[in-house]
2 protein chains.
Amino acid sequence: MLGAMEEGDELRFDRGAETPERIKAQLSRLVGLTAAQTARASSDALRAVGAHKDHFVVLAALAEFGPASQSALAGRARVYKSDLVAVLNELADGGWIRRTPDPADKRRNVITITDSGVRRLAELDQVLAGVNAHITAPLTREERDQLFALLNRVNTHLAGPRFRPESGA
Amino acid sequence: MLGAMEEGDELRFDRGAETPERIKAQLSRLVGLTAAQTARASSDALRAVGAHKDHFVVLAALAEFGPASQSALAGRARVYKSDLVAVLNELADGGWIRRTPDPADKRRNVITITDSGVRRLAELDQVLAGVNAHITAPLTREERDQLFALLNRVNTHLAGPRFRPESGA
DNA sequence: CTATGTTCATTGGTATCGCCAACGTTAGTC
DNA sequence: GACTAACGTTGGCGATACCAATGAACATAG
């Protein structure tokens, strides 16, 4: 008999009873699982419209903070400047941004969002809103806010001093 | 110096005022940030004792469910059988598991946790408990449970049917 | 005006992780 | 004895986060 479980589904899903207790108790695992799934959900949704995360993040930074050099943009959008190059190429190919040399400083490129870039951002924003709605579907409005608040607190806390096994509890 | 913000810190940290609102509103980003940080925290802590995630997860599965073949173990520990090979090699090198051919089925290896493996698991468990404590430090007991519960609900919900932009609101 | 050091965009590379495909071996099945 | 399936293992792919080095342009000091 061998009670063979049907393999073939993916590893990021919890398997309930088959999962060791010690593992289920790890917050990092739970948060990691959830992150993987939300990441895939938005990644899939964005791919469906020919975009990916960095597209959104860069367009958003441009829309909210105005034109910027690539390095300023890299800082704001939290994308490595190395990786930003490819993203900007793609965005330029789509006509969503313009990359113009800065006359004041010839090293710099000034990145500007175009009108169609603004429309594109709205489109991606809507796509991601759908994803967010899907993700938080089982939660009430308050719970959603709670989750946000809790994660934010954990997150900003972790952004602080690095963990040292000795220090603290 | 042009009021340049000091670059050099890492991208996974939120930058507050410098971060576009649209981005901050994305749950997937928040969860992703948190996941990255918790993952690194535990990854660092485990590396400090010469282990990594799969070590813990595999030892835990062995301890809770007893000896198993590699494929059963792969299922329980949620590690791809391809990747499990290396993990078991390392664990065997440390003397924490034994890999013995199954006389009943010569294809199979029976993986058994050793006594020192049990001790190793306890060690890793303690390391991770410290990490968990650090992660959830800013939360009260109730909030910690809340976060767990909320993430679990989101997570199991996402494990269900795949997101389709058309279906549902 | 040359020399030095810094900033900019860009190229290339590393490490890790989740994941899949294919192989040789061994078991069950007709 | 031929087929099919499961086992452990090898090797690789693709994405992501990250770093290092380069060449052009700028700034400043002597």
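The values are calculated or read from the model by the stated rules, or taken from the named source; none is laboratory data. Bear in mind that the values here come from a model prediction, so they are computed numbers and not experimental data. Counting neighbours? That spans all protein chains shown, and the Cβs are built from the backbone with ideal geometry, glycine included. In case anyone asks, the SASA skips ligands and DNA or RNA and just uses the protein heavy atoms, side chains included. Shrake-Rupley method; radii C 1.70, N 1.55, O 1.52, S 1.80 Å.
I'd like to check something: does segment A:89-110 contain any residue that is more than 7 Å from DNA strand C (Cβ to nearest atom), within 14 Å of another protein chain (Cβ to nearest Cβ), buried (at least 18 other Cβ atoms within 10 Å of the Cβ) and within 12 Å of A:D54 (Cβ to Cβ)? So far as segment A:89-110 goes, no, none of its residues is more than 7 Å from DNA strand C (Cβ to nearest atom), within 14 Å of another protein chain (Cβ to nearest Cβ), buried (at least 18 other Cβ atoms within 10 Å of the Cβ) and within 12 Å of A:D54 (Cβ to Cβ). Restricting attention to segment A:70-123, the residues that are aromatic (F, W, Y) and touching an Asp or Glu at 6+ places or on another chain (Cβ under 8 Å) total 0. The single condition among (1) within 15 Å of DNA strand C (Cβ to nearest atom); (2) open to solvent by 70 Å² or more (accessible area, probe 1.4 Å) that A:D115 does not meet is (1). Considering segment A:21-47, the residues that are at the interface with chain B (Cβ under 7 Å from one of its Cβ atoms) and more than 16 Å from DNA strand C (Cβ to nearest atom) include one that is modelled with the highest pLDDT, namely A:A45. Figure legend. Inter-residue proximity from segment A:92-106: first residues at positive phi, second residues among the hydroxyl-bearing types (S, T, Y) and open to solvent by less than 40 Å² (accessible area, probe 1.4 Å), beta-carbon distance below 9 Å, spacing 6+ or different chains. Indicated pairs: A:G95/A:T114; A:G95/A:S116. The set of residues in segment A:54-83 being away from DNA strand D (no atom under 12 Å from the Cβ), open to solvent by 50 Å² or more (accessible area, probe 1.4 Å) and touching a residue at least 12 places away in the same chain (Cβ under 8 Å) consists of A:P67 alone. Among the residues of segment B:126-145, those that are open to solvent by less than 40 Å² (accessible area, probe 1.4 Å) and within 14 Å of the chain's Cα centre (by Cα) comprise B:V127, B:L128, B:V131, B:N132, B:I135.
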